[in-house]
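The values are calculated or read from the model by the stated rules, or taken from the named source; none is laboratory data. This one's a predicted model, so the numbers in the text were calculated from it and none came from an experiment. Here the Cβ is made from the backbone with ideal geometry for all residues, glycine too, and neighbour counts use every protein chain on show. Remember, those area values only see protein heavy atoms, side chains included, never the ligands or the DNA or RNA. Shrake-Rupley method; radii C 1.70, N 1.55, O 1.52, S 1.80 Å.
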Amino acid sequence: MLEVLTVSVFNQERKVRIYLPEDYYSSHKRYPVLYMHDGQNVFGAEEAIGGVSLDLHKHLYQFKSDLIVAAIDQNTEGEERINEYCPWKHGDFRELLLGYKSGSGGKGSDYADFIVNELKPLIDGIYKTMTGENYMAGISLGGLLSVYAGCKYPDVFKRIAGMSSAFYRNQEEIEKLAGSTPSSAKIYLDCGTAEAGENSKISELFLESNNAVYEKLKSSGSEVELRIVEGAGHNYTAFKERIAGVMEFFLN
């Protein structure tokens with residue numbers, strides 16, 4: 001079952017797409033909540049950016065999942081998605097990977113604060129949630145933001161997933177945070193070996209970026225897993241193929 005809430009983020013109205021378990025209205029149970037980014041691409045393809053979605057609801061229904069999902073739509077204006085999902089301004093590794101400078105990023109901390117201090121209380125007030133059992137998952141920049149939130153709010157988020165995480169935009173700062181702030185979350189990461197398609201140099205740097213964050217998380221005492229997906233690119237067709245495995249992580 002899908003419902004839609006409208007919230008205000010950075011003075012912009014935004015949809016939050018809510019998935020409720022099949023037995024939600026007939027049971028007295030309370031449910032954990034999974035917060036996700038890029039909400040247009042999480043469920044059906046009708047509003048999906050690029051025309052391909054994860055079809056996450058189909059996997060949750062198949063698994064008979066006791067999980068509420070709150071998928072927050074991205075801001076599609078200009079570089080606002082990049083700004084909102086990057087906690088810091090772009091650093092040197094980003095310039096190495098893409099070959100040019102950028103001053104984008106820096107709103108991610110405020111965005112994570114919004115989820116914890118505004119959206120979560122709203123969701124907890126409307127739905128039958130387990131207020132202490134919260135997860136977060138994201139793709140690309142959403143993975144960067146999710147790992148950041150897991151480190152910044154270790155008492156809030158118990159499980160974190162980042163698929164093909166674009167750590168490279170904030171590489172220096174996210175490594176520093178991951179290495180110095182042990183997360184109480186169980187963390188899942190994955191990364192393809194062909195994230196940049198035929199550009200093997202960028203693909204190698206992208207994988208190097210993910211490996212570095214994984215090692216920092218592990219060194220700080222976090223429970224973390226990194227799956228390297230042979231031949232996988234950076235697109236929703238690839239993400240859709242492995243979302244079921246990510247959900248198994250959350251459900252087990």
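Key figures for this structure:
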read-out: Hey, Lys240 open to solvent by 30 Å² or more (accessible area, probe 1.4 Å), in contact with a Lys or Arg (Cβ under 7 Å, 6 or more places away or on another chain) and within 15 Å of Ala137 (Cα to Cα) or not; value: no
read-out: Number of positions in the range 151-184 that are open to solvent by 40 Å² or more (accessible area, probe 1.4 Å), within 25 Å of His234 (Cβ to Cβ) and of a type in the set (Lys, Arg); value: 2
read-out: Residue match in the range 66-76 (condition: closer than 30 Å to Glu133 by Cβ, of a type in the set (S, T, N, Q) and either modelled with pLDDT of 95 or more or touching a Phe, Trp or Tyr at 6+ places or on another chain (Cβ under 8 Å) (or both)); value: yes
read-out: Options Ile187, Ile228; residue that is open to solvent by 60 Å² or more (accessible area, probe 1.4 Å) and under 30 Å from Gly44 (Cα atoms); value: Ile228
read-out: Selected residue (only one of Tyr148, Tyr100 is of a type in the set (Ser, Thr, Tyr), open to solvent by 10 Å² or more (accessible area, probe 1.4 Å) and assigned to a helix (DSSP H, G or I)); value: Tyr148
read-out: From the options Glu47, Glu79, residue that is open to solvent by 30 Å² or more (accessible area, probe 1.4 Å), of a type in the set (Asp, Glu) and over 24 Å from Ile243 (Cβ atoms); value: Glu79
read-out: Yes/no for Glu204 being at pLDDT 95 or above, of a type outside the set (Lys, Arg) and assigned to a helix (DSSP H, G or I); value: yes
read-out: Residues within the range 128-138 that are open to solvent by 10 Å² or more (accessible area, probe 1.4 Å) and either assigned to a loop (DSSP other than H, G, I, E, B) or not acidic (Asp, Glu) (or both), tallied; value: 5
read-out: Every residue from the range 199-210 that is more than 14 Å from Asn170 (Cα to Cα) and open to solvent by 30 Å² or more (accessible area, probe 1.4 Å); value: Asn199, Ser200, Lys201, Ile202, Glu204, Leu207
